[in-house]
Amino acid sequence: MALLPIIVAPDPRLKLKAKAVTRVDDRVRRLMADMLDTMYDAPGIGLAAPQVGKALQIIVVDCARDGEPPQPLKIANPEILWRSDEVMTVNEGCLSLPEHYADVARPSAIRLRYLDEQNEIRELEAKGLLATCIQHEMDHLEGVLFVDHISSLKRGIILRKLAKTKRQKSPVPA
Ligand SMILES: [Zn+2]
């Protein structure tokens, strides 16, 4: 098990567009496993490769509720095939924006095509929290954060607070 450092906003690496994975091979499987360990440790319900400094189209999610068995999903090259007209608003958080939350409205159901960890093409229908979580993680692959869905005023407040916390946490030169 390997825990990867999670990049906190504001950071230019969170703004990059991720590249498609050519093939889900051992290297990609290892990254998926490490990302899942990192996500559970955080703890969080989703993580995208750009959040650990890899500009690749890979996300992991697990939206199982407390007391339910884990339901990990390892997803490469996700593509949304269908979105519901119905939207749902969820108070979202993000491991790259620690301790900040905001209401974001997104389609409440989606159909997705992706490559699984065996490099097989799969399709998945997701609704509710899982649909929200997958869309949030897919945004990271486009360099988009949940704060990009809210007013620039609120976004500015959150990003300034995070930048300030980062400066305070920076190691003192020895
Ligand atoms: Zn996030």
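In this structure the amide hydrogen of SER108, modeled in the peptide plane, comes within under 5 Å of the amide hydrogens of SER84, GLU86, VAL87, MET88, none closer than 5 places in sequence on its chain.
Result for the chain in a Gaussian network model with C-alpha springs under 10 Å: among THR22, THR132, THR38, the largest mean-square fluctuation is at THR22. Once both labels are positioned 7 Å from their Cα atoms along Cα-to-Cβ, the gap between LYS161 and TYR101 label points is 1.2 nm. Taking the protein heavy atoms of the chain in the context of the full set of protein chains, the accessible area attributed to carbon and sulfur is 52 percent at 1.4 Å. Within the same chain, aspartates and glutamates fewer than 8 places from LYS166 are excluded, and of the rest, those with a Cα less than 19 Å from its Cα are ASP11, GLU99. Counting only the backbone N, which residues of the range 79-110 are under 14 Å from the spot 7 Å out from the Cα of ILE150 toward its beta-carbon? Those under the cut-off are 90-105. Legend: calculated FRET efficiency, GLN168 to GLU142, from the Cβ-Cβ distance at R0 = 30 Å, rounded to 0.05, equals 0.50. If the chain linking LYS15 and LEU129 were pulled fully straight, counting 0.36 nm for each residue of separation and taking away their Cα-Cα distance, it would gain 38.6 nm. Among the listed pairs LYS54/LYS74; LYS19/LYS164; LYS15/LYS161, those whose Cα-Cα separation exceeds 25 Å are LYS19/LYS164.
Model label sites at ALA64 and ASP85, defined 7 Å from Cα along the beta-carbon direction, differ in position by 3.7 nm.
Straight-line reach from LYS127: which aspartates and glutamates have Cα under 15 Å away, leaving out those fewer than 8 places along the same chain? Once the sequence-local aspartates and glutamates are set aside, what remains near LYS127 is ASP62, ASP85, GLU86, GLU137.
The values are calculated or read from the model by the stated rules, or taken from the named source; none is laboratory data. In this text the structure is predicted, and so the values were computed from the model without any measurement. Note: ideal-geometry Cβ built from the backbone for every residue, glycine included; neighbour counts use all protein chains shown. The accessibility values were calculated without ligands, DNA or RNA, using every heavy atom of the protein model including side chains. Shrake-Rupley method; radii C 1.70, N 1.55, O 1.52, S 1.80 Å.
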